[in-house]
Amino acid sequence: MNRTLVELLAAKRDGEALTDAEIRHLMASFADGTLPDYQMTAFLMAVFFRGLDDAETVALTEAMLHSGSVVDLTSIPGIKIDKHSTGGVGDKVSICLAPLVAACGVPVPMVSGRGLGHTGGTLDKLEAIPGFRTDLSADDFARTVGTVGTCMIGQTKEIAPADRRIYALRDVTATVESIPLIVASILSKKLAEGIDGLVLDVKVGNGAFMKNEMCGRELAEKLVAVGTRAGKKVVALLTRMDAPLGVAVGNAIETREALEVLHGGGPADLVECTLMLGAEMLVLGDKAKDLTEAMAKLRKVMANGSAARVMEKMIEAQGGDARVVSKPALLEVAREVVEVKAPQGGFVTGVNARAIGLASVAMGAGRTRANQIVDHAVGLAMDAKPGDAVHKGQVVARLFVRDRARGEALADRVAAAFRYGACAETPGPLLMGRVPACG
Ligand code: URA
């Protein structure tokens, strides 16, 4: 006999596993209004405490995916692969990665997000490019992936609408930090892009959602298991997010840095992260037999300018000013510069990513309330990173602001994010772990 909605909530509250049909029924009832927000919230809290097994997480992911439509990319030849990062500070990898991978022949459809809390968002960074539109229709998205090789847009109304509603409830009911709910949320959106495979960058550290390696690994394993059960090729890397990635944090300033990588420059950690993820994408996309061959191909398209050409074509197709690719200085960065200096000599032993992310939000580069307009021109650059030797009074960071007084008020927060010591502490490796494709 079918159980009522309240009986299903009670079953999950008591730690029972629900069947596929029961999860589909809950989600269908949420969609048609029979299950109101307060009952969905009770379900989310029950999941928060009791968890979901892999079969339940697959059922929830698929129900959320089919709450909207799936972009049809079947007419585009090749294995379509995307990358998703669970979010960090200074993480501008997607902006250089998508054109690099597309230039190697793997189509990259990418639906990205905006800044969340202290973390930045790819869409906000891309919108620093004059005219660039991230609100293309599903048809234009598919057409651009087909003609250019990649396209980067935001979640449309059709893409996993249940996730949008559920995420808003989780945000205000203290149920964001639940691994099965995070998995269903991420994968429902990614599967809606029409991809064949996905490379996940699970960030671990004080600047990430997953604060320690154990939680990061659990999330990565669940993402790979559930994505594989949904019929996709999925690999996850665990990467360190204790200090910001690269040196730039903000919007225009990060996009400039990502463009440097496309031309073969950029900070070493950002290049390493981009190449590691890109290599996994080329292997999943059958364009390289192993990671070594994939890295060589990525370096080649950086050096011969073909990745930069893909970026120009993508920007043009999305209404933006493609001249920024060869002239990144066209991306406006605020003119007032406030310097942060080392209070002592020695070594930088850490730069707290979360504190830097929060300072950048306070500068106006991110949001403290929904729908707030971000300032693309403000941001900061770190002139010293963990492991670097510094002398007293050396500039370790610069804030780029519109208003000097405001910048000076925030400089203390940036200064407080830096730790110093008498001895060099080598930061741990960027790559903390890898969960290979299974099945
Ligand atoms: N990113 C998402 O898209 N969903 C989550 O639940 C967490 C991070």
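The values are calculated or read from the model by the stated rules, or taken from the named source; none is laboratory data. Since the structure is predicted, the reported quantities are computational estimates derived from the model, not experimental observations. Here the Cβ is made from the backbone with ideal geometry for all residues, glycine too, and neighbour counts use every protein chain on show.
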List the strands (runs of 3 or more DSSP E) inside the stretch 323-439, counting only whole elements, that have at least 3 residues being exposed (fewer than 14 other Cβ atoms within 10 Å of the Cβ) and in contact with a Pro (Cβ under 9 Å, 6 or more places away or on another chain). none
Limited to the stretch 199-215, what total is found for residues that are within 13 Å of the ligand (Cβ to nearest atom) and crowded, with 24+ Cβ neighbours inside 10 Å? 5
Matching residues, the stretch 1-54, being assigned to a loop (DSSP other than H, G, I, E, B) and aliphatic (A, V, I, L, M): Met1, Ala17, Leu18, Leu35, Leu52
Please enumerate the residues belonging to the stretch 248-269 that are farther than 17 Å from Lys327 by Cβ and either without any contact (Cβ under 8 Å) to a residue 12 or more places away in the chain or surrounded by fewer than 21 Cβ atoms within 10 Å (Cβ to Cβ) (or both). Pro267, Ala268, Asp269
Identity of the residue in the stretch 69-98, within 16 Å of the ligand (Cβ to nearest atom) and of a type in the set (Asp, Glu), that ends up nearest to Met27 (Cα to Cα): Asp82
Mind listing just one residue for me: the one in the stretch 159-182 that is within 18 Å of Arg114 (Cβ to Cβ) and in contact (Cβ under 8 Å) with a residue 60 or more places away in the chain and, of those, nearest to the ligand (Cβ to nearest atom)? Ile182
Would you point out the residue of the stretch 88-131, among those that are in a strand (DSSP E or B) and either surrounded by fewer than 24 Cβ atoms within 10 Å (Cβ to Cβ) or among the hydrophobic types (A, V, I, L, M, F, W, C) (or both), that is nearest to the chain's Cα centre (by Cα)? Ser112
Answer yes or no as to whether Lys157 is among the basic types (Lys, Arg) and buried (at least 24 other Cβ atoms within 10 Å of the Cβ). no
Considering residues of the stretch 225-246 that are part of a helix (DSSP H, G or I) and within 16 Å of the ligand (Cβ to nearest atom) only, the residue surrounded by the fewest Cβ atoms within 10 Å (Cβ to Cβ): Val226
Selected residue (criterion: nearest to Leu282 (Cα to Cα)) from residues of the stretch 56-68 that are more than 15 Å from the ligand (Cβ to nearest atom) and in contact with a helix residue (DSSP H, G or I) (Cβ under 7 Å, 6 or more places away or on another chain): Val58
All positions within the stretch 79-125 that are closer than 19 Å to Asp135 by Cα, in contact with an Asp or Glu (Cβ under 8 Å, 6 or more places away or on another chain) and at pLDDT below 95: Val111, Arg114, Gly115, Gly120
Would you call Lys189 more than 16 Å from the ligand (Cβ to nearest atom) and either of a type outside the set (Ser, Thr, Tyr) or in contact with a Phe, Trp or Tyr (Cβ under 8 Å, 6 or more places away or on another chain) (or both)? no
Consider Ala296 against the criteria (1) within 17 Å of the chain's Cα centre (by Cα); (2) closer than 21 Å to Val106 by Cβ; (3) surrounded by fewer than 22 Cβ atoms within 10 Å (Cβ to Cβ): it satisfies all of them except one. Which criterion is unmet? (1)
